[in-house]
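Data block below; observations after.
The values are calculated or read from the model by the stated rules, or taken from the named source; none is laboratory data. In this text, all values refer to a predicted model and were calculated from it rather than measured experimentally. Positions of Cβ are backbone-derived with ideal geometry, glycine not excepted, and every protein chain shown enters the neighbour counts. Accessible surface is based on the protein model in full, side chains and every heavy atom, while ligands, DNA and RNA are left aside. Shrake-Rupley method; radii C 1.70, N 1.55, O 1.52, S 1.80 Å.
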Amino acid sequence: MNLWVWGRNYNFLHDMKGEAVPSTLQETKTRDFEDAGLLLNSPYFSVLRKERDIDLIISLDFSEGDPFMVLNTFLILYSFTHKKMLVIKKISAAFPRQTVKEAAKTCKELNIPFPEVNIPSGHSEKPKDFYVFKGKNTPTVIHIPLFNMVNCDIETWRKKYTTFQGPYSAEKVTDLMEVAGKNITNNKDSLLEQISAAFGQKGSRC
């Protein structure tokens, strides 16, 4: 009986010839795959391929607890070079052990451009509604916690909207959309400022 290994699949590119197929994908009969939520409970790595040349990441957190745990994140990315916007939604029920800071650390280890992430003390419990992380020759990362000190009473709303519960009522959906919407309307000027700055930074490198 063959031994089955989790995540291991037949490699249909094995021994396939052609310049379009990287040699590393032709060498083995099988390939091992790992869920991004297990590798790092964040969608960043799936969007940071060099070919995408990402300039700006807008990270809309909608986690139940610590907004820097990135259990659930909605990413909006833009490449000024390719003039393309990419939207990625990451939902994971994995243990909340990976953070935005861990993403920055792992990117550094893998030589992937990503800014340093320094979270001020106490901000996990009482986050602001707008964070900007920048670095030299890295994408600008904007992180917006869903529940924050500006738009609501954090503890009340975290208890009201937990991860493991039944479907939301129409009233709860409306209330949540209103609170989430405030994060954009309250920070409209800051968002436009950072988008303009990222565009200017790209222009200065061209």
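General remarks:
- Those residues of region 86-143 which are more than 19 Å from Thr163 (Cα to Cα), among the basic types (Lys, Arg) and at pLDDT below 80, in sequence order: Lys101
Let's see how each residue does on (1) modelled with pLDDT of 70 or more; (2) more than 25 Å from Leu146 (Cα to Cα); (3) crowded, with 18+ Cβ neighbours inside 10 Å:
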{"position": "Gly7", "(1), (2), (3)": "yes, yes, no"}
{"position": "Ala20", "(1), (2), (3)": "yes, yes, no"}
{"position": "Gln26", "(1), (2), (3)": "yes, yes, no"}
{"position": "Leu48", "(1), (2), (3)": "yes, no, yes"}
{"position": "Asp53", "(1), (2), (3)": "yes, yes, no"}
{"position": "Ile58", "(1), (2), (3)": "yes, no, yes"}
{"position": "Phe62", "(1), (2), (3)": "yes, no, yes"}
{"position": "Phe68", "(1), (2), (3)": "no, no, yes"}
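- Among the residues of region 13-33, those identified as in contact (Cβ under 8 Å) with a residue 12 or more places away in the chain and in a loop (DSSP other than H, G, I, E, B) are Leu13, His14, Gln26, Glu27, Thr28, Lys29, Phe33.
- Candidates in region 154-206 are the residues that are modelled with pLDDT of 90 or more and outside any helix (DSSP H, G or I); of these, the one that is surrounded by the most Cβ atoms within 10 Å (Cβ to Cβ) is Asn187.
- Among residues of region 150-168 being more than 22 Å from the chain's Cα centre (by Cα) and among the aromatic types (Phe, Trp, Tyr), the one that is farthest from Asn186 (Cα to Cα) is Tyr168.
- All conditions in (1) open to solvent by less than 40 Å² (accessible area, probe 1.4 Å); (2) closer than 18 Å to Leu56 by Cα hold for Phe147, with the sole exception of (2).
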